[in-house]
């Protein structure tokens, strides 16, 4: 109803105090897709400027992490993997979606406060900012994916047609980051406590996801489904299945998708409700 | 279609003072606040309404219309609500009450260079900034050469803007903004950038915009720019619209009324350090020729500076005076009440009592701009009783000063009316 009242005649816009729940207006986001593109492009472009090693960091970070995990967890502690897959590949396959998710969540969470100068000076759908923050990590992901292919060749693991599922799994990881990120970003505008909490949230989430261990350590089928309430558990199991041929995550993935959908819709509404005061309190 | 392009009806915007002062309210504050409200509710069985003392109306009951193709000036002191009005019109913040009806695309220039990234090159920033201001990529690409040309930074277009001088940076930023082509343009003070030459170019560009039949809302402290660019203006005061009139009349009204608070400084007992005794400053104020306290004065009229103080014991050799500085802290002049030998002899010994030292700065001395006045009461080489480097600030408006028919800045701190003669030899 509110929507009809706002657009009376072509090109006419009525500004008035917003009350109650507004329409989500996702179409606005589409209208501003070029801004979305430019902000993402800015983040990618600026990322490795004036870093001597430049884009090499995108590869170095996951490789170093993988080496540390392999030595300590794989070799010294002897953490078991599925189907006796070598630990380096086993952990690296999980690290890729994990780092994509973790960096997206980190950036999204602080995105509004980080772009406060834009919020207080120009109008555009505020949703553009957290959404654009998600994209920048994709380049890193693609670069380290090449390393993964190399690693798989080294260990003589063959690719199957299942890799075609990867884009969907990547999308699910990104949607999870957006969904949670929307809540955190909007809350962070008012409570800077959130900014302090984000690294901790990410760390806790890391241990709750099967990055360094196999999800088969969860005992029963039913507990598996509870475990899948963490969407990243579904995503990572999906990655291992698509690339390494471990057990398919059918039921977990369904649960994960539903959780993401719920988080996303609620996050969008919460964001929309908070949006009108961003410029006043940021 | 109607001729009205912007209609503002009973517009109001209310801020919570808490939200303004403690900007980063934390979760803990909120929890404490919440629990105390909960306790209060249990105790009284109902919550008290919002405490009016915690809210401030930045704008209240504003109504006006702007017709298509009109250039409307918005003038008022700092804090009068001009920026809030522009923020509502450009959709950055929501109104608290009332409504605004807008016909056409709005472009706002509340600050040039919004979203510029220091690491990106000039070329990259043109595209980024253009997109932020709402231009399509094809539109930016089409105007790219024109923008670069206007900004005069061709040579450095592929250099990161962090290596630009501040002048180059501002020129590039304004160039992008100036090529925005909305039906309604909202502008806040952006003309105050760059050197004289560039300012002239910007004013020209603004004039073009108006001539193309687009609607412009123009906020400025620069009265001559308002007079030159707008036909009509509204005057805001403490969040209320106090006048709408033809620009000359509105500017006159603004310059001559109701801005007393800025042009006057009172000292409370606590603010005066104990070592000032027996000298006790009371107030310093700036008066126009009618004796009204003002914070904006005309260059073409004399102004009087009055310093009121009390002596609780006699002081020998006291001198009471002021420093006049520009807003950029360049010294303009220093003067004391006993500078003249005759005055010094007469007031060698100043008895206890209530005094006012006054001095008049003649007309046609100061150029337009912002100035500050510092005060000093001391005895030469013996003791400084009281000093306040920034007691009051004021603006000088040069309307009517020599050379104002040429729409360009007259560099210099002073702008005296000099005698010229032209002889054919």
Looking at region A:79-101, is at least one residue free of Cβ contacts under 8 Å to residues at least 60 places away in the same chain, surrounded by fewer than 20 Cβ atoms within 10 Å (Cβ to Cβ), away from every other protein chain (no Cβ under 14 Å) and farther than 24 Å from residue A:183 by Cα? yes
Being in the same structural domain as residue B:379 (by TED's automatic domain parsing), in contact (Cβ under 8 Å) with a residue 60 or more places away in the chain and closer than 24 Å to residue B:283 by Cβ, is that true of even one residue in region B:332-339? yes
Looking at residue B:372, is it part of a strand (DSSP E or B) and modelled with pLDDT under 85? yes
Can you tell which of B:273, B:302, B:314 is surrounded by fewer than 19 Cβ atoms within 10 Å (Cβ to Cβ), more than 23 Å from residue B:409 (Cα to Cα) and modelled with pLDDT of 90 or more? B:314
Being at pLDDT below 85, assigned to a loop (DSSP other than H, G, I, E, B) and on the phi > 0 side of the Ramachandran plot, is that true of even one residue in region A:19-30? yes
Unique residue being assigned to a helix (DSSP H, G or I), in contact with a helix residue (DSSP H, G or I) (Cβ under 9 Å, 6 or more places away or on another chain) and closer than 26 Å to residue A:96 by Cβ when the list is A:225, A:229, A:268: A:225
Only one of these is buried (at least 17 other Cβ atoms within 10 Å of the Cβ) and at positive phi: B:79, B:98, B:73. Name it. B:98
Is at least one residue of region A:62-83 at pLDDT below 90, under 18 Å from the mean Cα position of the chain (by Cα) and under 21 Å from residue A:231 (Cβ atoms)? yes
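Per-residue answers, yes or no, for (1) crowded, with 20+ Cβ neighbours inside 10 Å; (2) modelled with pLDDT under 90; (3) not assigned by TED's automatic domain parsing to the domain that holds residue B:183:
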position	(1), (2), (3)
B:23	no, yes, yes
B:28	no, yes, yes
B:36	no, yes, yes
B:42	no, yes, yes
B:56	no, yes, yes
B:68	no, yes, no
B:85	yes, no, no
B:92	yes, yes, no
What residue, among those in region B:108-149 that are more than 8 Å from chain A (Cβ to nearest Cβ) and in a loop (DSSP other than H, G, I, E, B), is nearest to residue A:123 (Cα to Cα)? B:135
From the list B:207, B:213, which one is surrounded by fewer than 18 Cβ atoms within 10 Å (Cβ to Cβ), more than 23 Å from residue B:408 (Cβ to Cβ) and at pLDDT below 85? B:213
Test set (1) crowded, with 22+ Cβ neighbours inside 10 Å; (2) part of a helix (DSSP H, G or I); (3) at pLDDT 90 or above - residue A:252 fails condition number: (3)
Quick one: is residue B:402 part of a loop (DSSP other than H, G, I, E, B), surrounded by 15 or more Cβ atoms within 10 Å (Cβ to Cβ) and in contact (Cβ under 8 Å) with a residue 40 or more places away in the chain? no
Scanning region B:150-173 for residues that are without any contact (Cβ under 8 Å) to a residue 12 or more places away in the chain and outside any loop (DSSP other than H, G, I, E, B) gives B:154, B:155, B:163, B:166
What do you reckon, is residue B:139 assigned by TED's automatic domain parsing to the domain that holds residue B:104 and exposed (fewer than 14 other Cβ atoms within 10 Å of the Cβ)? no
Run residue A:210 past the list (1) in a helix (DSSP H, G or I); (2) surrounded by 20 or more Cβ atoms within 10 Å (Cβ to Cβ) and report the number of the one that doesn't hold. (1)
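Per-residue answers, yes or no, for (1) facing chain B (nearest Cβ under 10 Å); (2) surrounded by fewer than 22 Cβ atoms within 10 Å (Cβ to Cβ):
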site	(1), (2)
A:116	no, yes
A:121	yes, no
A:126	no, no
A:130	no, no
A:140	no, no
A:143	no, yes
A:146	no, yes
A:152	no, yes
A:159	no, yes
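Per-residue answers, yes or no, for (1) more than 26 Å from the chain's Cα centre (by Cα); (2) within 14 Å of another protein chain (Cβ to nearest Cβ); (3) at pLDDT 85 or above:
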position: B:39; (1), (2), (3): yes, no, no
position: B:76; (1), (2), (3): no, no, no
position: B:97; (1), (2), (3): yes, yes, yes
position: B:101; (1), (2), (3): yes, yes, yes
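The values are calculated or read from the model by the stated rules, or taken from the named source; none is laboratory data. Values in this document were obtained by computation on a predicted structure and should not be read as measured data. Don't worry about glycine lacking a Cβ; one is built from the backbone with ideal geometry, like all the others, and counts go over all protein chains shown.
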